[in-house]
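Notes follow once the structure below has been shown.
Read-outs throughout are calculated quantities, based only on the coordinates presented, and are distinct from any laboratory measurement. The structure displayed is predicted, hence computed values, not measured ones. Every residue, glycine among them, receives a Cβ derived from its backbone with ideal geometry; neighbour counts consider all protein chains shown.
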Amino acid sequence: MSKIVIKVGSNLLVDSSGNINKKYVIELAGKISELYSQSNQVVLVSSGAKASGYAYLKYQLNQDSDLYLKQALCAVGQVQLMKLYESAFDFFNLKIAQLLLTRDVFSNRKRFLNLRNTLIGLIEMGIIPIVNENDTVATDEIMFGDNDILASMFAIGWNADFLILLTSIDGVIDETGSVVKIFDEKVKLQNLEKSNWGSGGIETKIEAAKKASKAGIKTCICNGKKLENIMEFVKNGIPYSGTVFKPKNSKHLKARKTWIGMLSNVKGKVYINSGAEQAIKNGKSLLPVGVIKIEGDFKTGDIVEILGQNDNIIGRGIINLDSSKAQKILGLKTEELKKILGEEMSKVFIHRDNMWLEEFD
C-alpha cells in the first residue's frame, strides 16, 4: 500500500474551447479508482476553479482585472469543478471530499496537525480528498503561487510515497529538445512558456519536485495526456513519458523534523560561530555561547533559521526564548544566564530534538 499525491493542472483539464474536459476528468477518476482498488491511498490536487467559473458564466477576465473579480470567478468555478468530480468518481463508486487550503495551514503547527487529522479521517472512511488552493481568500502572504507547490507541500506533510505532477508535455526538456529521464541539476534545460490557464510553468514544477524528493518522496513530472504514466510510475518507478526525481533520502524524514525544515514559516535568523556549527552537526543542542548575532522579531516557540559564519544556511529550529531575551545573552556561558536575565530559563537556544539540519536531516 502506498500514499500517492497526483496533481493535475488547468491546462490538462480545459479543452480548446475553454470548457472543462469532462471526458478527461472521467478518465482521470478511473485511473485513481484503479490505484484505490489496489489498496493505495490517493489524494488529488486539482486546479481548474477559474476555468470552471469562466465556462459556467462565460465571463472573460483579462490580466488587469481586479483581484476580487478573479476570486469571485474562482468561488463560482470551484462549485462546478467539484460537481464534475463528484459525478466522475460516482461512476467508480467512490466518494470525494473538498479541501481548500492556504499556505498558513502548513506554517501554523496547530492548523497543520488539524489538517493531518482530517486527512486521516477521510482516508479511514474511504473518501478521495480533492485539494485546491483557497483562491477566494488567498492573499500574497498566504498564497502558494501555484498548485505544484501546494502538491509538493501536501505530499511532504502527508509523508507520501509518491508525488506525480501531470503536465501537458513529456516531462522536463533539455536544450536539445530531448526529455530528461532522470533529473540532473547539471543538465541545461529548454526555456518553456507558462500554460494558458495555469499560474506556473516547468520551473515551478521542477522546484516542487526537488522539494518533495529531498523529503524522500518518489517524484515525477510526466505527460498527463497519457494517463497510463501514473500506474507505470507507481509500479515500475519510471513513467513512459516523464522525468523522475530520485529521492535525496533513502527513507522519509520524521514528521516533526519535516515540518520544521520544509513547511514552517521562518520568523528570524540566528548566526552561529564555527564551534557551535560543528557541535550541532555532531548532534548537540545550540547553546547561547555559540550564537554571534540574531535578526528578526520572534517569540518563544517560533521557527528561526540557523546560519554559519559565511551566512550559509545550516538549518532551522524552534527557539526557546523571544528575540529581546536572546539579544541579551549572545555569547554567554550557561552559568552566566540567570545572572543576566534574573530568572530561570532554558539553558539552550534550540534543542537538538527541535532542530532540522540542511545537510544531515
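Per-structure values
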{"quantity": "Ranked list, fewest to most other Cβ atoms within 10 Å of each Cβ, for 95, 211, 188", "calculated": "188, 95, 211"}
{"quantity": "Protection proxy ranking of 163-171, 50-58, 177-185, 29-37 - average other beta-carbon atoms within 10 Å, highest first", "calculated": "163-171, 50-58, 29-37, 177-185"}
{"quantity": "Dimensions in Å of segment 235-361 - Rg and Dmax from alpha carbons", "calculated": "17.2, 66"}
{"quantity": "Taking only Cα atoms of the chain, radius of gyration then Dmax in Å", "calculated": "22.7, 73"}
{"quantity": "Long-range HN-HN contacts of residue 305 with modeled amide H, under 5 Å", "calculated": "267, 268, 269, 270"}
{"quantity": "Segment 284-361: GluC sites (Glu not before Pro) in DSSP loop, at most 13 other beta carbons within 10 Å", "calculated": "343, 344, 359"}
{"quantity": "Square roots of five times the Cα gyration tensor eigenvalues for segment 205-288, Å", "calculated": "37, 13, 10"}
{"quantity": "Cβ-based exposure ranking for 149, 350, in which fewest neighbours within 10 Å come first", "calculated": "149, 350"}
{"quantity": "5 angstrom amide H check on residue 293, placed H, neighbours 5+ away", "calculated": "271"}
{"quantity": "Residue-wise HN-Hα coupling along segment 85-94, computed from phi with Karplus coefficients 6.51, -1.76, 1.60 (Hz; x: Gly, Pro)", "calculated": "4, 4, 5, 5, 6, 5, 4, 10, 6, 10"}
{"quantity": "Separation in nanometres of the label points that stand 7 Å from Cα toward Cβ, at residue 87 and residue 341", "calculated": "6.1"}
{"quantity": "Tilt relative to the chain, helix 147-158 - C-alpha long axis, 0 to 90 degrees, to 10", "calculated": "60"}
{"quantity": "Residues residue 16 and residue 210, FRET efficiency given R0 of 35 Å [Cβ-Cβ distance, rounded to 0.05]", "calculated": "0.60"}
{"quantity": "Per DSSP, loop trypsin sites (Lys or Arg not before Pro) in segment 236-341 with at most 16 further Cβ within 10 Å", "calculated": "248, 251, 254, 284, 299, 333"}
{"quantity": "Residue 238-residue 295 pseudo-label distance in nm [points 7 Å out on the Cα-to-Cβ vector]", "calculated": "4.3"}
{"quantity": "Across 110/248; 218/281; 3/23; 205/267; 23/214, pairs whose alpha-carbon gap is larger than 31 Å", "calculated": "23/214"}
{"quantity": "Ordering of 112-118, 42-48 by packing [mean C-beta count within 10 Å, highest first]", "calculated": "42-48, 112-118"}
{"quantity": "Per-residue HN-Hα couplings for segment 275-288 [Karplus 6.51, -1.76, 1.60; θ = phi - 60°; Hz; x = Gly/Pro]", "calculated": "x, 5, 4, 5, 5, 6, 5, 8, x, 8, 6, 8, 9, x"}
{"quantity": "Nearest-0.05 FRET efficiency for residue 175 and residue 1, computed from C-beta distance (R0 41 Å)", "calculated": "0.55"}
{"quantity": "Kirkwood-based shape ratio for segment 84-137, expressed as Rg/Rh from alpha carbons", "calculated": "1.04"}
{"quantity": "Equivalent ellipsoid semi-axes - Cα gyration tensor, segment 5-133, angstrom", "calculated": "26, 21, 10"}
{"quantity": "Amide H partners (placed H, <5 Å) of residue 98, local residues excluded", "calculated": "130"}
{"quantity": "FRET E, pair residue 189, residue 327, Förster distance 30 Å, beta-carbon r, rounded to 0.05", "calculated": "0.10"}
